[in-house]
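Worksheet for the structure shown next.
The values are calculated or read from the model by the stated rules, or taken from the named source; none is laboratory data. All values reported here derive from a predicted model rather than from experimental measurement. Counting neighbours? That spans all protein chains shown, and the Cβs are built from the backbone with ideal geometry, glycine included. Accessible surface areas use protein heavy atoms only, side chains included; no ligands, DNA or RNA. Shrake-Rupley method; radii C 1.70, N 1.55, O 1.52, S 1.80 Å.
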Amino acid sequence: MTFKNGFLWGGAIAANQAEGAYNIGGKGLSIADMKTVVGVDKERFFTPKLEKDVYYPSHQAIDFYGHFKEDIALMAEMNFNVFRTSISWSRIFPLGYEEKPNEEGLKFYDALIDELLLHGIEPLITLSHFEMPMGLVEKYNGFASRETIDFYLRFVEVVMNRYKDKVKYWLTFNEINFATISKGTLNILGMNPNGKYPLSQLPDDPQVRFQALHHCFVASAKAVKLAKSIRPDFMVGCMLAHLTVYPYTCKPEDVLLAKEYDLLLNKFCGDVQVKGKYPSYIKSYFKKNGIEITFEAGDAEALAEGTVDMYTFSYYMTLCATKQEGVELSYGNLMGGAKNPYLASSDWGWQIDPVGLRYTLIDLYDRYEIPLMVVENGLGAEDQMNADGEINDDYRIDYLKKHIENMALAVDAGVDLMGYTMWGPIDLISAGTGEMKKRYGFIYVDMDDHGNGTLKRTKKKSFNWYGEICRTNAQSLLEEV
Ligand code: BG6
């Protein structure tokens, strides 16, 4: 078993979960800047205005803005050849609808990208990762308005032109399929909840949400076309949170339900972005649910012309679907489901399923036959530093090891896999909860859930282990399998 030559090994972060400096260098507020940390009630809130004496984790985050040179040097020490991050939209267009970009924001990314290249690390850029400028949220209700397509494309054009000789790999929207469920209205679509809401209970109108998602699809497709006009060999990908769903039992009704979930939650967005058109099953779903999507002239052509070059996704856990009532439930990334009795769970209740990653890769490659990339995968855990200042995160090594082994087995089964960026190579704030104690990294950051700490970086035990994976193209691991 072997991964192909030039396989991309590295890690992934997002600007709003790492950079901090939320109001430095001309940056405007983004939706991420309006989110609190979970409280005793375990809820994270969105506040439409910044409130006094409230802690907003993105404002400081881990100050990657001030530490990026040190942090990238550590990634280089782990032999990364790729690093995924996002360009904060509101650093470049503070309100989102200005005519001209903010030069100071661009200068930050000039320095960051140059630093990556200096270390031989290929940047992989997410264009929109849960960080729409609040200006667009307030004035246009995000992607609920078609105008937002053009504001997004203006941003894309600026950064793609600026970095055309330095960045080859781009992702249009992080976890776009989050918008197929009500919780995705804010993160993906930037729709204004018009009040203070827990993120799990945002107001939702499926008609408006799916129309806004249509605008996102058009924006993504036009971004792909734009990319090719700027540099034909750009590789542009879709990015989905793959919510792999198993039937809870082999009862045909459960099998069918799992299939329906898969089509709605995963395949709908993948099919539009890879195949360039709406699939028949979603048209039927819309009809049954009274949803009508307005296609303006040119939309169908735009979708067909702007199909992606690679399918990328996040994978953390799997879910089970059942018609049965009263079954035990489990939590997960974006959503939960019935608890799978065969799987263990993380400290946050996410079911750990390395074989499910192999299943997912085989399923996706069978359907799409374009290169795949796992751009997020990792274990959020409450790491403890011992009296000697060491963090012995063997559980993280075990989690990653099993997932990487299953990727190799998927490659062995014929899948074209081009890379792997584990989530959160350096501890950063959680998107779901805003917590710091939910740590994913190989690098520990001294900070607590309220922003207290020195921000000092410390290597965990997994640091050297992953460094060997990257250095040897995982042969250090696979020889043992
Ligand atoms: C993905 C997001 O959903 O999962 C990341 O793209 C996020 O932004 C990651 O951080 C892990 O989720 P969480 O809630 O543990 O941070």
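Yes or no: PRO101 away from the ligand (no atom under 16 Å from the Cβ), farther than 22 Å from LEU8 by Cα and at pLDDT below 95? No; evaluated as a whole, the condition is false for this residue.
Only one entry of ASP41, ASP33 meets the criterion of being in a helix (DSSP H, G or I) and of a type outside the set (Ser, Thr, Tyr), and that entry is ASP33. Among the residues of region 385-397, those identified as over 13 Å from PHE442 (Cα atoms), of a type outside the set (A, V, I, L, M, F, W, C) and out of contact with any Ser or Thr (no Cβ under 8 Å at 6 or more places or on another chain) are ASN386, ASP388.
Entry remark, region 282-305: residues being surrounded by 15 or more Cβ atoms within 10 Å (Cβ to Cβ) and more than 20 Å from SER220 (Cα to Cα) number 3 in total. Could you tell me whether region 306-326 includes any residue that is more than 23 Å from MET422 (Cα to Cα), open to solvent by 20 Å² or more (accessible area, probe 1.4 Å) and without any contact (Cβ under 8 Å) to a residue 60 or more places away in the chain? Yes; the residues of region 306-326 include at least one that is more than 23 Å from MET422 (Cα to Cα), open to solvent by 20 Å² or more (accessible area, probe 1.4 Å) and without any contact (Cβ under 8 Å) to a residue 60 or more places away in the chain. Across region 419-432, the qualifying residues are those that are touching a Gly at 6+ places or on another chain (Cβ under 9 Å) and near the ligand (Cβ under 6 Å from one of its atoms), and the one among them that is farthest from ALA15 (Cα to Cα) is GLY432. Residues that are more than 16 Å from the ligand (Cβ to nearest atom) and of a type in the set (Val, Ile, Thr) within region 373-392 comprise just one, ILE391.
Residue-wise test of (1) in contact (Cβ under 8 Å) with a residue 60 or more places away in the chain; (2) within 16 Å of the ligand (Cβ to nearest atom); (3) part of a helix (DSSP H, G or I).
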site	(1), (2), (3)
LEU74	yes, no, yes
ASN79	yes, no, no
GLY96	yes, no, no
ALA111	no, no, yes
LEU116	no, no, yes
LEU124	yes, yes, no
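Of the listed requirements (1) open to solvent by 50 Å² or more (accessible area, probe 1.4 Å); (2) more than 26 Å from LEU199 (Cβ to Cβ); (3) outside any helix (DSSP H, G or I); (4) within 16 Å of the ligand (Cβ to nearest atom), TYR395 misses just one: (3).
Does GLU122 satisfy being touching a Lys or Arg at 6+ places or on another chain (Cβ under 9 Å) and at pLDDT 95 or above? It is true that GLU122 is touching a Lys or Arg at 6+ places or on another chain (Cβ under 9 Å) and at pLDDT 95 or above.
Return a yes/no flag: does region 378-385 have any residue that is open to solvent by 40 Å² or more (accessible area, probe 1.4 Å) and over 22 Å from the mean Cα position of the chain (by Cα).
The answer is yes, given that some residue of region 378-385 is open to solvent by 40 Å² or more (accessible area, probe 1.4 Å) and over 22 Å from the mean Cα position of the chain (by Cα).
Of all the residues in region 349-377, those that are more than 22 Å from TYR169 (Cα to Cα) and within 22 Å of the chain's Cα centre (by Cα) number 15.
Which residues, counting only those in region 12-35, are over 19 Å from PHE68 (Cα atoms) and either among the small types (Gly, Ala, Ser) or surrounded by fewer than 20 Cβ atoms within 10 Å (Cβ to Cβ) (or both)? Once the filter is applied, which keeps residues that are over 19 Å from PHE68 (Cα atoms) and either among the small types (Gly, Ala, Ser) or surrounded by fewer than 20 Cβ atoms within 10 Å (Cβ to Cβ) (or both), region 12-35 yields GLY28, SER30, ALA32. Only residues that are within 30 Å of ARG162 (Cβ to Cβ) and within 21 Å of the chain's Cα centre (by Cα) were counted across region 193-231, and they come to 14.
Which ones in region 40-53 are surrounded by 14 or more Cβ atoms within 10 Å (Cβ to Cβ) and either over 27 Å from PRO101 (Cα atoms) or within 16 Å of the ligand (Cβ to nearest atom) (or both)? Selection gives GLU43, ARG44, PHE45, PHE46.
Screening LYS401 with (1) surrounded by fewer than 19 Cβ atoms within 10 Å (Cβ to Cβ); (2) in contact (Cβ under 8 Å) with a residue 40 or more places away in the chain; (3) of a type in the set (D, E, K, R) gives one miss only, at (1). Give the residues of region 184-202 that are in contact with a Ser or Thr (Cβ under 8 Å, 6 or more places away or on another chain) and not hydrophobic (A, V, I, L, M, F, W, C), sorted by residue number. Matches in region 184-202: GLY190, PRO193, LYS196.
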